[in-house]
Amino acid sequence: MTFAAHLEASSKGTGKATDPDFQDLNPTITYRHLYAQNLGVRDPLRVIALCDSDAFYAACEMVRLNTDKDTPLVVLQWDSLIAVNYPARKYGITRLKRYNFKELKLKHPDLMVVHVATYKEGEKEPGYWDDVDTKTHKVSLDYYRRESLKIAAMFKECLPGVEIEKASIDEAFFDVSKRVREIILERYPYLAQVPLDAPNGIDTPLPPPPPIPQSEVGYIIPINPCEEPKAEGVQADEPAVEGSSSAKQEGGSVFEDENQEENMPATWHDVALSIGAELIGKARQHVHETLGYSTSAGVAVNKFLAKLTASYKKPNSQSILRNSAIPNYLRPLAFRKIRFLGGKLGSAIAEEFKASTVGDLLSITLEDMQRKFGEDSIWIYEVLRGIDRSEVKEKKSTLNKSMLASKNLPTPITNASEGYNWIRVLAAELALRLNEARETCPNLWPKTIVLHARQGYSGLRSKQAPFPFTREVTVDAIAAAGDKLWKELVGIDLAMKVTSVQLAFTGIEGAEVGQRSIEGFFKAGQSGKRQRDDDEDDRDEFGRAFVDDGIADEGNDIATTSDTILAQGNTPAVSFVCPRCGKRISCHSQTMPSADQEDQLAAFRLEHDDFHFAQDLAKESTGGLVISGPSKGTPVGAVKGHMGPSNTSPKKKKRRKERPAMGIEKFFKKS
DNA sequence: CAATGCAAA
DNA sequence: GGTTTGCATTG
């Protein structure tokens with residue numbers, strides 16, 4: 001085939017992309033695109049997947065109790081259902097309704113009803129008790145968190161070279177573009193070189209994709225959704241009682257489309273999506289086989305569409321949304337189903353434009369949208385047209401930045417001692433969770449502790465305080481800090497009854513999981529960074545000599561020490577000088593044991609190290625622009641906003657500029 | 001940094 | 001609906 005013919009084909013043969021509402025869904029893909037490594041969100045071969053666990057909490061309990069896969073099971077939290085597995089949905093059980101335990105058992109003798117694990121007053125660890133009472137117990141989701149971590153780790157292992165962003169306890173986004181690109185080049189080696197007769201060299205469009213049938217990669221959403229304008233399953237909570245979705249389980253290998261040509265890849269991006277789906281499908285299968293969790297996935301060109309696609313068919317299946325199918329898929333969709341449009345913003349938009357579907361909003365111009373909802377609502381405009389430039393950003397560690405233990409009090413408490421009692425329970429949970437996290441990441445500590453409380457009908461109010469670093473984080477220490485906050489927040493006079501108490505750690509930082517331990521860290525700190533090469537006379541900027549304190553191990557000329565200086569009164573200090581910037585960082589405290597000070601210093605050092613790392617990254621992407629001077633407290637986040645070219649996410653709505661006179665009030669009112 | 005609010009699962 | 005989490009905004 002001549003290239004003139006290719007060009008002809010790529011401009012004319014894809015008539016579907018001419019829909020004026022949906023442009024850019026079928027960009028020409030050239031050899032340059034195929035070879036490029038850093039196209040990021042502009043990659044025309046981008047493949048993103050979202051994978052979520054089916055009825056996750058219920059699945060966890062099934063694994064824990066080793067039930068048969070067909071056992072109907074529900075998870076209870078007090079009197080409400082928080083998870084219903086698919087076999088149980090066949091009974092018409094949904095999460096929304098309220099049930100009581102005995103009622104359920106009577107109606108369905110074979111139904112397993114499990115109450116979530118709870119902390120009991122006084123008990124050190126959560127457990128599955130049969131006498132749960134919201135007055136004395138507190139829910140524990142620890143088991144689910146751990147299982148979630150296992151699944152994430154397995155996905156990571158199965159998918160080398162894939163960016164993974166854990167989006168919640170049961171969901172993750174995958175950017176498989178890189179790996180897919182490699183596979184395309186392996187499978188279609190004739191693409192590895194630009195043909196000699198290519199008219200535009202590397203900017204020549206690729207030849208047409210091979211007409212291989214894509215069969216085992218998942219359900220391909222048709223371009224023309226025949227007699228089913230609304231995709232079933234877009235509603236997350238829809239009970240699977242109808243034959244519709246239960247009849248076609250294992251959708252991965254079943255096609256209802258009689259038109260086989262529909263399933264032929266029409267573009268190289270379609271091929272890429274199929275390869276991405278293969279990768280995800282294999283990983284999902286491995287997770288299913290080894291951990292026992294079934295999942296559903298969506299594969300599409302961006303995060304928002306992947307997320308939407310994942311709910312097309314559940315459970316235990318995956319779907320692919322090709323670009324050509326986007327317009328017809330989106331138009332009838334209730335736009336409130338779109339991520340970040342499900343809340344107040346979504347209802348404000350619905351009201352403003354008297355709209356409910358994506359199609360209803362396509363007639364709204366960008367200008368109108370921005371006039372009503374601020375400059376940044378270009379994000380909304382684009383998302384309605386299938387465009388989403390947000391990146392899949394892998395978190396550095398799987399550790400969360402905050403840890404919250406909370407308890408709602410159906411029977412409000414009226415005296416301080418009850419308050420302290422609950423704080424102890426919450427503190428016990430936090431202690432357990434933090435210390436567990438420290439098993440894999442020893443130098444981990446929360447910068448602050450926060451207490452929230454709701455009194456009467458007012459909203460949540462909060463008080464926070466710095467949380468000191470200690471080697472052992474004890475229940476007592478946390479509870480003491482919590483009690484102090486309680487006094488500031490609610491005082492001793494409980495005229496207003498307390499209906500909710502939450503205790504949280506925030507600003508949790510430390511090394512990465514299983515990466516650098518404290519010892520390893522000192523080694524890592526010097527490797528790769530020259531500077532202090534031959535300077536054996538270790539002196540800081542004040543000329544004080546460093547003393548080896550035994551922490552840094554043999555042959556290690558690291559600038560860390562427990563020198564005692566008397567800079568601040570009589571405060572003993574532990575300090576080090578950064579070999580890169582010469583800054584001295586020290587830790588002083590009258591009360592802290594010196595071992596703890598050293599640990600804290602190690603953490604400071606790590607943080608400082610991270611700062612340099614972040615700064616190096618920033619230099620790469622800003623052409624050497626230094627963002628700010630290094631300091632003890634500068635977190636990795638300093639680089640935020642400089643990382644990607646266009647990481648447009650819904651984040652903030654309106655800013656700086658004058659707020660539009662109209663529309664804003666109702667946006668902030670509750671619906 | 002402290003406090004509050006929004007959104008999501 | 002209850003229990004988390006993360007993020008943005010405002011002071």
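Just so it is clear, none of the values below were taken in a lab; they were calculated from the coordinates. Note that this is a predicted model, so its numbers are computed, not measured. Here Cβ is always computed from backbone atoms with ideal geometry, including for glycine, and neighbour counts include all displayed protein chains.
Cα convex hull, the range A:107-196: 167 Å³ per residue, rounded to a whole number.
Among A:C60, A:C158, which comes first, second and so on when ranked by fewest other beta-carbon atoms within 10 Å? Please list the in-between numbers first.
Values: A:C60 27, A:C158 17.
Neighbour counts put them in this order, fewest first: A:C158, A:C60.
Under a Cβ-Cβ cut-off of 12 Å, what is the net charge of the residues other than A:E103 that fall near it, where Lys and Arg count +1 and Asp and Glu count -1? Surrounding charge for A:E103 is +4. Listed cross-link partners A:K156/A:K407; A:K178/A:K395; A:K156/A:K393; A:K313/A:K393 are compared with a 24 Å cut-off, the Cα-Cα value being larger for A:K156/A:K407; A:K313/A:K393. Across the cross-link table entries A:K344/A:K372; A:K396/A:K487; A:K314/A:K401, which are compared at the Cα atoms, the separations over 26 Å belong to A:K396/A:K487; A:K314/A:K401. Over all pairs of different C-alpha atoms in the range A:338-475, the reciprocal of the mean inverse distance, the Kirkwood hydrodynamic radius, equals 19.6 Å. Measure out, as a whole number of angstrom, how far apart the alpha-carbon centroids of the range A:122-196 and the range A:412-440 sit. Value for the Cα centre distance between the two parts: 28 Å.
Rounded to the nearest 20, the Cβ-based charge dipole of the range A:331-416 about its Cα centre (Lys and Arg +1, Asp and Glu -1) stands at 460 debye. Think of the range A:314-440 as having a plus end and a minus end, set by charges on the Cβ of Lys, Arg, Asp and Glu; of A:L432, A:T357, A:I378, A:L432 sits farthest toward the positive end of this dipole. Normalised radius of gyration (Cα atoms, divided by 2.2 N^0.38 Å) for the range A:70-119: 1.02.
Peptide packing for A:32-44, A:323-335, A:268-280 was compared via the average number of neighbouring C-beta atoms within 10 Å per residue; ordered from the highest value, the list is A:268-280, A:323-335, A:32-44. Taking other C-beta atoms within 10 Å as the exposure proxy, A:R64, A:R98 rank A:R98, A:R64 from fewest upward.
Is the C-alpha gyration tensor of the range A:353-396 telling us rounded, prolate or oblate? Criteria: a/c under 1.5 is rounded; beyond that, a/b larger than b/c is prolate, otherwise oblate. Don't skip to the end; give the middle numbers.
Details: a/c = 2.94, a/b = 1.86, b/c = 1.58.
In terms of gyration-tensor shape, prolate.
Shape class of the range A:384-462 from the Cα gyration tensor (axes a ≥ b ≥ c, square roots of the eigenvalues): oblate, since a/c reaches 1.5 or more and a/b does not exceed b/c.
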